[in-house]
Structures are given as structure tokens and as C-alpha cells.
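I have placed the structure first, in the form of C-alpha cells, so that the comments after it can refer back to it.
The values are calculated or read from the model by the stated rules, or taken from the named source; none is laboratory data. Bear in mind that the values here come from a model prediction, so they are computed numbers and not experimental data. Neighbour counts are summed over all protein chains in view; Cβ atoms, including those assigned to glycine, are modelled from backbone coordinates with ideal geometry.
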Amino acid sequence: MRELPSGARVVEDLVVPSRGYLRARSIAAGQTVRILDVEGEQVADIILTRAAEPRDWLSCLNTKLLNGTERISTGHVLHSKQSHPLATVVADTVAVHWFGGGFCSEETNRARYGVEGTVSCKTNLAASLDAHVASPHDLELDSCASLFMNLSADADGRFSIGPPPGRAGDFLDLRAETDLVLGLSACPADRNPCNNFRPSPLRVVVYETARSTA
Ligand SMILES: [Zn+2]
């Protein structure tokens, strides 16, 4: 793993298996969570919520509106549905992400590919956030950011999914601006180039710096 900031203290270091999910983690205000692409070309679907108000989920729409850009990267602040700052991107070695909302699901896989019962980011995120959602259908599409996802539109507005540009060891660091809960899915999609047809693991490292513990 590329170096953490000097003086950083690792609080948790977890591997999320290929096609799997992270059990929801609490991230205290001031702590930073690194989401790392272990082998490369892997998308991480994440959902955040405020510990103090668990219904105040991440909003991709508010995040883009309040940062004035669709290209969320270092220095931008992720915001909630109620427009509270949740986390700041403090490092980003990929700078290609999808903050348009949405996640792969059994339903879209059925509609797109005619397959039933697939594992998906929707089921993964519901399992990840088990204590916070009663059913997968409680998850809102706007609350999911797809890190490292390469989705772009051409001049005619037709969008396409390309292989993720992330290489082994690439990462994005989010510093919590308030106490957070993080849910995460290692996207299992393998019927389009979303993960370049080869889903692989992710790593989640929570760390503190001298500044965050001062
Ligand atoms: Zn997915």
C-alpha cells in the first residue's frame, strides 16, 4: 500500500473479498478512510450516513451541486440529503468516479441481461448496512457513489461504461467531517466492463493523523 501520511495510526485494515461487502463501519469525525483497489480495475460502491441522523444519507446530487462539478475528487466535500458535510476527499490517485447515483441490482440485471437472482451492489449494500435498512428497497439510488467507475457520455449524450482506470494500489481517502457510518460493496458486476469483467477485492483502511487526534 502506498504510504499513509506521516504519523498516521491505523485503526482498522480490512479486505473486502471479490463480489463481497464490508460490514458497516463507524468512522469518527476526523478519522480518514482509505478505499483501495487491490488488484486494479475494481469499482467500490459506497453509501454514507450520519451517525447522529441515520436517515440523512449521502446525496450525489447535493454533492455535485454544492461542489459545482460532476468530477468529484481531491478537495471536494461529500454532502448529505440534508446538505450536511459528511466527508472531504483528501487524496485520490484515480480521479475517475461516478457520482450520478445508482447501483447494480437483481432488477437491472434481469432487465439488461435476462438473468435472475444475481448478487449485486444493491444486495451487498443492504447486507452491509443491515442495521440501518429494513430491506434493499430502502436504499436510495442517489445515496450511492461509485468510486473508480468509468461511465462517460459522448457528444450525442449516449453513455457507456468503460474499464476502470484504477491500477493495483490506487486509492481514494475520505476524511470524516462528522461521525459517519460507511457501507461498501465490491461491485460484483461481470456482464459489462464496469470491473473489466473480472471483479476483484478491495481494501478499507481507517486511520488517524496527528491532526485528527489533536
Ligand atoms: Zn455494482
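Values as computed for the structure displayed
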item: Residue within region 121-128 that is of a type outside the set (A, V, I, L, M, F, W, C) and without any contact (Cβ under 8 Å) to a residue 24 or more places away in the chain present; result: yes
item: Count - residues of region 106-139 that are crowded, with 23+ Cβ neighbours inside 10 Å and near the ligand (Cβ under 10 Å from one of its atoms); result: 5
item: Counted residues, region 107-148 - those being within 19 Å of the chain's Cα centre (by Cα) and acidic (D, E); result: 4
item: Matching entry among D45, D13, D37 (being touching a residue at least 40 places away in the same chain (Cβ under 8 Å) and more than 15 Å from the chain's Cα centre (by Cα)); result: D13
item: Selected residue (only one of L174, L184 is within 14 Å of the ligand (Cβ to nearest atom), closer than 21 Å to S128 by Cα, aliphatic (A, V, I, L, M) and in a strand (DSSP E or B)); result: L184
item: Identity of the residue in region 62-101, within 19 Å of L125 (Cα to Cα) and surrounded by fewer than 20 Cβ atoms within 10 Å (Cβ to Cβ), that ends up farthest from the ligand (Cβ to nearest atom); result: K81
item: Pick from region 149-164, criterion out of contact with any strand residue (DSSP E or B) (no Cβ under 6 Å at 6 or more places or on another chain) and not small (G, A, S), ranking: nearest to the ligand (Cβ to nearest atom); result: P163
item: Any hit, region 32-54, residues being among the small types (G, A, S), buried (at least 20 other Cβ atoms within 10 Å of the Cβ) and touching an Asp or Glu at 6+ places or on another chain (Cβ under 9 Å); result: yes
item: Verdict on G169 being more than 13 Å from the ligand (Cβ to nearest atom) and within 22 Å of A95 (Cβ to Cβ); result: yes
item: Residue match in region 75-85 (condition: polar (S, T, N, Q) and either under 26 Å from G162 (Cβ atoms) or in contact (Cβ under 8 Å) with a residue 60 or more places away in the chain (or both)); result: no
item: Selection within region 188-211 - more than 14 Å from the ligand (Cβ to nearest atom) and assigned to a helix (DSSP H, G or I); result: A210, R211
item: Number of the condition not met by D142 [criteria: (1) buried (at least 16 other Cβ atoms within 10 Å of the Cβ); (2) away from the ligand (no atom under 16 Å from the Cβ); (3) charged (D, E, K, R)]; result: (2)
item: Filter result for D142 (charged (D, E, K, R), modelled with pLDDT of 95 or more, outside any strand (DSSP E or B) and out of contact with any strand residue (DSSP E or B) (no Cβ under 6 Å at 6 or more places or on another chain)); result: yes
